[in-house]
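Written below as structure tokens is the structure these notes are about.
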Amino acid sequence: LVNSQRANQFDWGSIQWLVSGDLMKNAQITFGYVQIEPGQKNPKHYHPNSDEVLYLLEGELQHSLGEEVVTLQPGMAIFIPQGVAHDAFNAGTSTARMVVAYPTGDRQMVPLEEGEDS
């Protein structure tokens, strides 16, 4: 099954959901493609119902995880536990591209800053 879901555009970049319970009945995973533009960050948020894994394909990110900040380069992954506040800042000069996965078809997100609805 090929998903042609359009990306959700934000001031900081975009999210394209490829698999989720909303897109595919009974899906038990959420999987997406995210882009963050240079000098931009997504709003700080947390997921009350699932962990998250982010794998960086291209670019560079300063990714917060609670009070810690981790520098991610292409080929690196970060595990974000359920309920931990996080965001990602693109400190590089090119678009940061990554894939994200959640072990639930019903990814929930609680924003702690304005700017993300999805």
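Taking the stretch 65-118 as the search range and keeping residues that are among the acidic types (Asp, Glu) and surrounded by 16 or more Cβ atoms within 10 Å (Cβ to Cβ), which one is nearest to MET24 (Cα to Cα)?
GLU116
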| task | Could you grab the pairs with beta carbons closer than 9 Å, sequence gap of 6+ or different chains, first residue in the stretch 68-96 and among the acidic types (Asp, Glu), second one open to solvent by less than 50 Å² (accessible area, probe 1.4 Å)? | result | ASP87/ASN42; ASP87/PRO43; ASP87/HIS45; ASP87/HIS63; ASP87/SER64
| message | Condition (residue is of a type in the set (Asp, Glu), out of contact with any Pro (no Cβ under 8 Å at 6 or more places or on another chain) and either in a strand (DSSP E or B) or open to solvent by 20 Å² or more (accessible area, probe 1.4 Å) (or both)) applied to the stretch 8-17: is it met by at least one residue? | response | yes
| field | Among the candidates SER94, SER14, SER20, residue that is within 13 Å of the chain's Cα centre (by Cα) and of a type in the set (Gly, Ala, Ser) | value | SER14
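Consider the stretch 18-48. How many of its residues are outside any strand (DSSP E or B) and farther than 17 Å from VAL110 by Cα? Outline the logic, then answer.
First, pick out the residues of the stretch 18-48 that are outside any strand (DSSP E or B): 20-29, 37-40, 42-44, 47-48.
Pick out the ones that are also farther than 17 Å from VAL110 by Cα and you get 20-29, 37-40.
Going through the stretch 18-48 one residue at a time, the tally reaches 14.
Residue under question is PRO43, and the condition is that it be open to solvent by less than 60 Å² (accessible area, probe 1.4 Å) and within 15 Å of LEU112 (Cα to Cα); does it hold? Give the derivation first.
Values: open to solvent by less than 60 Å² (accessible area, probe 1.4 Å): yes; within 15 Å of LEU112 (Cα to Cα): yes.
So PRO43 fits the description; yes.
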| message | I'd like the full set of residues that are closer than 25 Å to GLY83 by Cβ, open to solvent by less than 50 Å² (accessible area, probe 1.4 Å) and more than 12 Å from the chain's Cα centre (by Cα), limited to the stretch 23-40. | response | ALA27
| said: Exactly one of these conditions fails for VAL99: (1) under 18 Å from GLN35 (Cβ atoms); (2) among the β-branched types (Val, Ile, Thr); (3) over 11 Å from the mean Cα position of the chain (by Cα). Give me its number. | reply: (3)
| task | Identify all residues within the stretch 1-27 that are on the phi < 0 side of the Ramachandran plot and in contact with an Asp or Glu (Cβ under 7 Å, 6 or more places away or on another chain); write none if there are none. | result | PHE10, TRP12, GLY21
| message | Against the condition closer than 22 Å to ARG6 by Cα and either acidic (Asp, Glu) or in contact with an Asp or Glu (Cβ under 7 Å, 6 or more places away or on another chain) (or both), how does THR30 come out, does it pass? | response | no
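The values are calculated or read from the model by the stated rules, or taken from the named source; none is laboratory data. Keep in mind that what you see is a predicted model, and the values were worked out from it rather than measured. All Cβ positions, even for glycine, are placed from backbone atoms using ideal geometry, and neighbour counts span all protein chains on display. Areas reflect the complete protein model, heavy atoms only, side chains present, ligands, DNA and RNA absent. Shrake-Rupley method; radii C 1.70, N 1.55, O 1.52, S 1.80 Å.
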